[in-house]
1. Which is modelled with pLDDT under 95, among the charged types (D, E, K, R) and either at positive phi or out of contact with any Lys or Arg (no Cβ under 6 Å at 6 or more places or on another chain) (or both), of Glu120, Glu135?
2. Could you tell me how many of the residues in region 4-58 are under 22 Å from Gln93 (Cβ atoms) and over 21 Å from the mean Cα position of the chain (by Cα)?
3. Go through (1) touching a Ser or Thr at 6+ places or on another chain (Cβ under 9 Å); (2) closer than 21 Å to Val215 by Cβ; (3) surrounded by fewer than 16 Cβ atoms within 10 Å (Cβ to Cβ) one by one and return the number of the condition Leu44 breaks.
4. From the list Asp3, Asp22, Asp10, Asp52, pick out the single residue that is assigned to a loop (DSSP other than H, G, I, E, B) and without any contact (Cβ under 8 Å) to a residue 60 or more places away in the chain.
5. Looking at Glu140, Glu120, Glu135, Glu151, which is the one that is surrounded by fewer than 21 Cβ atoms within 10 Å (Cβ to Cβ) and touching a Gly at 6+ places or on another chain (Cβ under 9 Å)?
6. Let me confirm something: among Ala30, Ala58, which residue is buried (at least 20 other Cβ atoms within 10 Å of the Cβ), among the aliphatic types (A, V, I, L, M) and free of Cβ contacts under 8 Å to residues at least 40 places away in the same chain?
7. So for region 149-171 (the condition being closer than 17 Å to Glu99 by Cα, in contact with a His (Cβ under 8 Å, 6 or more places away or on another chain), outside any loop (DSSP other than H, G, I, E, B) and not basic (Lys, Arg)), does at least one residue qualify?
8. For region 64-137, please list each of the helices (runs of 4 or more DSSP H) lying entirely inside it that holds at least 2 residues being of a type in the set (Gly, Ala, Ser) and either in contact with a Leu (Cβ under 6 Å, 6 or more places away or on another chain) or over 18 Å from Ala161 (Cβ atoms) (or both).
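The values are calculated or read from the model by the stated rules, or taken from the named source; none is laboratory data. On a predicted model such as this, the values are computed, not experimentally measured, just so you know. Note that we place each Cβ from the backbone using ideal geometry, even for glycine, and neighbour counts take in every protein chain shown.
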Amino acid sequence: MSDIFHLIADARGAAFEHRFEDAAALASRALKSMPTCLVALRILAWSQLELDADEALATFEKCAAYDPEDALAYVGQAIWYQKHRDNDSAVSQWVRAWELDPHNQAIRRALVKLTGELSESPFADAISLLRHGREDEAAEALRRLRAERSEPSVALSLMSALFAAGAQRDAFDLANAILGRHPESVKAALYVAALEDRAGRTLRSREVIARAEQVDPGLMLFADVVRQVGLQPALDLHRANRTPLAAAR
C-alpha cells in the first residue's frame with residue numbers, strides 16, 4: 001500500500017503545481033493498482049477538467065458514487081457541463097452541491113449567477129439544521145424528505161442525523177439498508193463495521209473495513225466517521241492483524 005500513498009502524494013503535488021498532465025498520469029497509475037481509490041479519482045477528475053478532457057465527467061460521477069455527500073464532486077460536474085454549454089445540467093449539479101454545502105459562498109454565488117436566485121430546498125434546510133446541532137429536527141426533516149427523494153446522499157445524511165440524535169439502532173439499520181443498495185458507499189460500510197464490532201463479530205467487521213479501504217486507503221478521508229462511530233479500536237486491531245489487501249478483495 002505504501003506505493004499507492006507515494007503515487008497519490010506525487011499526483012497531489014503535481015496538481016498543486018498545475019502540472020495537470022503529470023497529475024493525471026500519476027493518479028492513473030495509482031488507479032491501475034487500486035481502481036476504486038477515491039483520492040486518486042478526485043485528483044484525476046480535477047486534472048482532467050483542467051485539461052478539458054471529456055472523461056472528466058465520468059470520473060467525477062465515480063467520485064460521487066463512492067462519496068455521495070461530497071459537494072465538490074457535483075461542483076466538478078457542474079463546471080464540466082458549463083464548459084460544454086449545457087446550462088440546464090450545470091444548474092442541476094450546482095443545486096446538488098449547494099444542498100450538501102448550503103453555507104459555501106462560492107457554490108451559492110455560482111448557482112445564483114446561473115439562476116438569479118437560490119430556490120427553496122428542504123434538503124439544504126435539513127443539512128443546515130444538522131450542522132447547527134439541531135439533530136432531532138434534522139432527522140425528522142430528512143425522514144420526510146427520504147420518502148420523496150431516493151438518492152443516497154439523503155439516506156446518508158439521515159443516517160448521520162439519527163446517530164447524532166442518539167437513535168443509533170435506527171442509524172445502523174439504515175446503514176445496512178444503504179450498503180445493500182450501494183455497496184460502494186464507504187460511510188455506510190464504516191457504520192456497518194462499527195455495528196458488527198459492537199456485536200462481537202470481529203471477522204465480519206474486519207471484512208467490511210477492508211472493503212472500505214479499497215476506496216479510502218488508510219481511511220484518511222473518512223477519519224471523522226471512524227471517530228464518530230467509535231470504530232478506531234476495531235480499526236487498530238484490523239491493522240495489527242492485516243492480511244494482504246488482495247486477500248480481502
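1. Glu120
2. The total comes to 6.
3. Tallying (1) touching a Ser or Thr at 6+ places or on another chain (Cβ under 9 Å); (2) closer than 21 Å to Val215 by Cβ; (3) surrounded by fewer than 16 Cβ atoms within 10 Å (Cβ to Cβ), Leu44 fails exactly one: (3).
4. Numbers: Asp3 fails: assigned to a loop (DSSP other than H, G, I, E, B); Asp22 fails: assigned to a loop (DSSP other than H, G, I, E, B); Asp10 fails: assigned to a loop (DSSP other than H, G, I, E, B).
Answer to the selection: Asp52.
5. Answer to the selection: Glu135.
6. Values: Ala58 fails: buried (at least 20 other Cβ atoms within 10 Å of the Cβ).
Exactly one of Ala30, Ala58 is buried (at least 20 other Cβ atoms within 10 Å of the Cβ), among the aliphatic types (A, V, I, L, M) and free of Cβ contacts under 8 Å to residues at least 40 places away in the same chain, namely Ala30.
7. Within region 149-171, one or more residues are closer than 17 Å to Glu99 by Cα, in contact with a His (Cβ under 8 Å, 6 or more places away or on another chain), outside any loop (DSSP other than H, G, I, E, B) and not basic (Lys, Arg).
8. Filter on region 64-137 gives 71-83, 87-100, 105-115.
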